[in-house]
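Working notes, structure below.
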Amino acid sequence: QVQLVESGGGLVQAGGSLSLSCAASGRTYSVYRMGWFRQAPGKEREFVAAITWGGGVTDYADSVKGRFTISRDKSKNTMYLQMNSLKPEDTAIYYCAAKIKSGRYYEVVNYDYWGQGTQVTVSS
């Protein structure tokens with residue numbers, strides 16, 4: 001089992017920045033990739049960014065490319081999401097997730113463990 005706990009959400013004005021963290025515990029040695037997803041009210045959960053735990057290879061959704069940066073600190077078992085130039089449409093609950101196998105990193109169903117989520121609200 002892998003436990004994930006997000007932190008760092010909040011309220012920010014459009015154009016501002018926020019940084020999210022995801023602390024992992026348990027069988028972290030089994031993790032292949034971690035990712036960030038988000039879910040706005042009335043919408044499906046969508047992929048935001050992902051990173052391979054070992055090599056640090058990153059992938060981003062087109063909607064956040066150039067504005068968000070995903071990273072991880074293996075020594076702290078923590079993943080981060082730096083969000084800059086935030087827009088009102090970035091408002092959502094942000095979830096971190098972990099998967100133990102390779103595969104389509106952008107699909108919700110391919111992730112094995114999830115955090116409880118943290119709210120990000122961007123005001124216009």
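With the requirement that a residue be within 18 Å of Asn84 (Cα to Cα) and loosely packed, with under 15 Cβ neighbours inside 10 Å, what does the range 1-15 give you?
Hits for the range 1-15 are Ser7, Gly10, Leu11, Gln13, Ala14, Gly15.
Which strands (runs of 3 or more DSSP E) sit wholly inside the range 18-113 and have at least 2 residues that are aromatic (Phe, Trp, Tyr) and surrounded by 19 or more Cβ atoms within 10 Å (Cβ to Cβ)?
Strands (runs of 3 or more DSSP E) meeting the threshold: 33-39, 92-99.
Each reported figure results from applying straightforward, stated rules to the coordinates on display, with no laboratory input. All of these numbers come straight from a predicted model, not from anything done at the bench. Virtual Cβ from ideal backbone geometry, glycine too; neighbours counted across all protein chains shown.
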